[in-house]
Amino acid sequence: AKTMPVVVTGRNLTGTQLASLDFDNFEGARLATHHLLALGHRKIAFITGDPAHPDAEERLRGYRSAIEAAGLGYEPALVVPGLFHEESGLVAVGRLLDSGQAFSAIFAANDQMAFGASLGLHWRGLRVPHDVSIVGFDDLPISRFALPPLTTVHHPAYELGQQASHVMLQLLNGEKPIGQVPAPRVIVRQSSRALV
């Protein structure tokens with residue numbers, strides 16, 4: 001950044017000739033958990049992302065914030081590790097089921113882990129969303145074609161790229177960079193439903 005303008009996405013950094021555009025992972029996770037709470041779920045498991053990744057920590061914070069704001073106690077036994085890929089979601093849901101811990105919904109820290117968790121539930125004879133609701137994070141293009149289509153937090157990758165280009169042009173023109181990342185929102189599909 002000392003020698004040329006730099007625009008960083010997905011991180012919050014500061015510096016001369018450097019602009020950051022970071023998505024609000026905390027709020028996205030809070031909204032995803034709130035969606036499940038609003039459907040009547042009280043035992044919501046969470047599959048974390050790679051702990052070395054800042055997004056994973058923020059998504060865990062958002063989950064915990066929503067749980068505690070609802071007056072529910074944070075239950076570490078409902079939080080299982082994942083690594084942001086499908087296999088880790090499959091392994092995580094196996095751990096949850098083997099633990100005997102009761103839960104009616106799962107919030108996975110990304111869509112890939114949600115896909116793995118759905119498969120793991122299927123292999124154990126559980127149906128999504130009839131037996132367990134699932135919510136993911138990122139709104140990957142394939143998420144609307146999952147079976148059932150995945151409820152997820154929309155991560156505006158396209159819009160973020162547009163904003164990054166706009167901010168870069170501002171930096172190149174010697175202007176003060178002004179960019180705004182779209183706020184997170186939950187895309188409700190068929191993988192989540194009200195607790196009966």
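One table, with the values for the structure above:
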| quantity | calculated |
| --- | --- |
| Residues being part of a loop (DSSP other than H, G, I, E, B) and open to solvent by less than 20 Å² (accessible area, probe 1.4 Å) - total across segment 167-183 | 0 |
| Test: residue in segment 158-166 that is open to solvent by 50 Å² or more (accessible area, probe 1.4 Å), free of Cβ contacts under 8 Å to residues at least 40 places away in the same chain and touching a Gly at 6+ places or on another chain (Cβ under 8 Å) | yes |
| Near pairs, Cβ below 8 angstrom, 6+ apart or cross-chain, from segment 1-21 (under 18 Å from residue 54 (Cα atoms) and touching a residue at least 12 places away in the same chain (Cβ under 8 Å)) to any residue that is open to solvent by 50 Å² or more (accessible area, probe 1.4 Å) and of a type in the set (Phe, Trp, Tyr) | none |
| Residues of segment 18-34 satisfying the condition of being open to solvent by less than 30 Å² (accessible area, probe 1.4 Å) and either assigned to a loop (DSSP other than H, G, I, E, B) or closer than 22 Å to residue 194 by Cβ (or both) | 23, 28, 29, 32, 33 |
| Tally, over segment 119-157, of residues that are open to solvent by less than 20 Å² (accessible area, probe 1.4 Å), in contact with a Lys or Arg (Cβ under 7 Å, 6 or more places away or on another chain) and in a helix (DSSP H, G or I) | 0 |
| Filter result for the condition that a residue is open to solvent by less than 50 Å² (accessible area, probe 1.4 Å), assigned to a helix (DSSP H, G or I) and not β-branched (Val, Ile, Thr), over 82, 62, 15, 49 | 62 |
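The values are calculated or read from the model by the stated rules, or taken from the named source; none is laboratory data. Here the structure is a predicted model, which means the values were calculated and not measured. Quick reminder, even Gly has a Cβ in these numbers, built from the backbone with ideal geometry, and neighbours come from all protein chains shown. Heavy atoms of the whole protein, side chains included, go into the accessibility calculation; ligands, DNA and RNA do not. Shrake-Rupley method; radii C 1.70, N 1.55, O 1.52, S 1.80 Å.
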